[in-house]
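Input: a single structure, listed below in structure tokens.
The values are calculated or read from the model by the stated rules, or taken from the named source; none is laboratory data. Just so you know, these numbers come straight off a predicted model, no measurement behind them. Neighbour counts are summed over all protein chains in view; Cβ atoms, including those assigned to glycine, are modelled from backbone coordinates with ideal geometry. Protein only, heavy atoms only, side chains kept; ligands, DNA and RNA dropped before computing areas. Shrake-Rupley method; radii C 1.70, N 1.55, O 1.52, S 1.80 Å.
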Amino acid sequence: MSQAVSRTARWRPPQPVCAVLFDLDGTLADTAPDLAAAVNRMRVRRGRDTLPLELLRPVASHGARGLLRVGMDVGPEHPDFEVLKREFLDEYERALAVHTRLFDGASSLLDALERAGVAWGVVTNKVMRFAAPVLEGLGLAARAGVLVGGDTTPHPKPHPAPLLEACRRLQVPAHRAVYVGDDLRDVQAARAAGMPAIAARYGYLGDGEPIERWGADEIIDHLEELVTLLHIKPS
């Protein structure tokens, strides 16, 4: 029996669930292809070979820091890091909704939430300069009840401030919302906000602590599992 199935029998969500909040990169949308393409354009400009998406995908949730570490072999301590970071962000901004797609099951899940009258929104560490146009490119900007970016509050995740701000805007108590993410920081932020946390095994995950050790209330392998897990029913 899988980890996700065995945990489902033990965890019961708040009843009723008033809102479902999603991380963006690696949870609601597969943004890695456009992020990787930005790094690869930088490499080509310098006469270097492009890197396969499979190598860059695991660090996509870590933004410029992770992608430049793997794609350009530089970290924040490197004297050229800030210059390369600006170049990367400009490259990404020029083409951030070309290959980005919703993960399988996202469309049907969002439809189910809306039919059931359950609010949903996005809380991401991606700054609004990029988060808003990505959501627009996915056709979700007018549907999302809230969008909180990495620069919306003074502190990004794993601080609870972004999640609490999303709940404030939705007028929903944190304990009646659920947060879905693919990074340890997502679980830590939800815990600090007093909100149930669901970890997405299908996401980017990174190269840190195994997902089973994050302390999430539940682990899912597909977004559509949330319909049953959260007892989403048409109103």
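Looking at segment 18-38, which of its residues are part of a strand (DSSP E or B) and more than 16 Å from GLY150 (Cα to Cα)? Explain how you work it out, then say what you get.
Going through segment 18-38, the residues part of a strand (DSSP E or B) turn out to be 19-22, 25, 29-30.
Once the filter is applied, which keeps residues that are part of a strand (DSSP E or B) and more than 16 Å from GLY150 (Cα to Cα), segment 18-38 yields ALA19, VAL20, ALA29, ASP30.
Just to check your reading of the model, which residue among VAL98, VAL44 is without any contact (Cβ under 8 Å) to a residue 60 or more places away in the chain, out of contact with any Gly (no Cβ under 7 Å at 6 or more places or on another chain) and not aromatic (Phe, Trp, Tyr)?
Working: VAL98 fails: without any contact (Cβ under 8 Å) to a residue 60 or more places away in the chain.
Residue meeting the stated conditions: VAL44.
Yes or no: SER107 open to solvent by less than 70 Å² (accessible area, probe 1.4 Å), polar (S, T, N, Q), in contact with an Asp or Glu (Cβ under 6 Å, 6 or more places away or on another chain) and closer than 22 Å to ALA199 by Cα? Explain how you work it out, then say what you get.
Details: open to solvent by less than 70 Å² (accessible area, probe 1.4 Å): yes; polar (S, T, N, Q): yes; in contact with an Asp or Glu (Cβ under 6 Å, 6 or more places away or on another chain): no; closer than 22 Å to ALA199 by Cα: yes.
No: the conditions fail for SER107.
So how many residues does segment 121-164 have that are of a type in the set (Gly, Ala, Ser), touching a residue at least 12 places away in the same chain (Cβ under 8 Å) and open to solvent by 30 Å² or more (accessible area, probe 1.4 Å)? Give the derivation first.
First, the residues of segment 121-164 that are of a type in the set (Gly, Ala, Ser): 121, 131-132, 137, 139, 141-142, 144-145, 149-150, 161.
From the residues that got through so far, the ones that are touching a residue at least 12 places away in the same chain (Cβ under 8 Å) too are 121, 131-132, 137, 144-145, 149-150.
Now drop any that are not open to solvent by 30 Å² or more (accessible area, probe 1.4 Å), which leaves 132, 137, 145.
The total comes to 3.
Residues ILE220, ILE232: which one is under 17 Å from the mean Cα position of the chain (by Cα) and either farther than 23 Å from ARG115 by Cβ or not basic (Lys, Arg) (or both)? Please lay out each step first, then the result.
Numbers: ILE232 fails: under 17 Å from the mean Cα position of the chain (by Cα).
ILE220 is the lone residue from the list that is under 17 Å from the mean Cα position of the chain (by Cα) and either farther than 23 Å from ARG115 by Cβ or not basic (Lys, Arg) (or both).
Would segment 79-92 turn up any residue that is open to solvent by less than 10 Å² (accessible area, probe 1.4 Å), assigned to a loop (DSSP other than H, G, I, E, B) and under 23 Å from ALA200 (Cβ atoms)?
no
Residue-by-condition table, conditions (1) closer than 15 Å to PHE130 by Cα; (2) in a loop (DSSP other than H, G, I, E, B); (3) among the aliphatic types (A, V, I, L, M):
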{"residue": "GLN15", "(1), (2), (3)": "no, yes, no"}
{"residue": "ASN40", "(1), (2), (3)": "no, no, no"}
{"residue": "GLY63", "(1), (2), (3)": "yes, no, no"}
{"residue": "LEU67", "(1), (2), (3)": "no, no, yes"}
{"residue": "PRO76", "(1), (2), (3)": "no, yes, no"}
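Here's the yes/no breakdown for (1) buried (at least 20 other Cβ atoms within 10 Å of the Cβ); (2) under 12 Å from the mean Cα position of the chain (by Cα); (3) modelled with pLDDT of 95 or more; (4) assigned to a helix (DSSP H, G or I):
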position: ALA166; (1), (2), (3), (4): yes, no, yes, yes
position: VAL172; (1), (2), (3), (4): yes, no, yes, no
position: ASP186; (1), (2), (3), (4): yes, yes, yes, yes
position: ARG191; (1), (2), (3), (4): no, no, yes, yes
position: TYR202; (1), (2), (3), (4): no, yes, yes, no
position: ASP207; (1), (2), (3), (4): no, no, no, no
position: THR228; (1), (2), (3), (4): no, no, no, yes
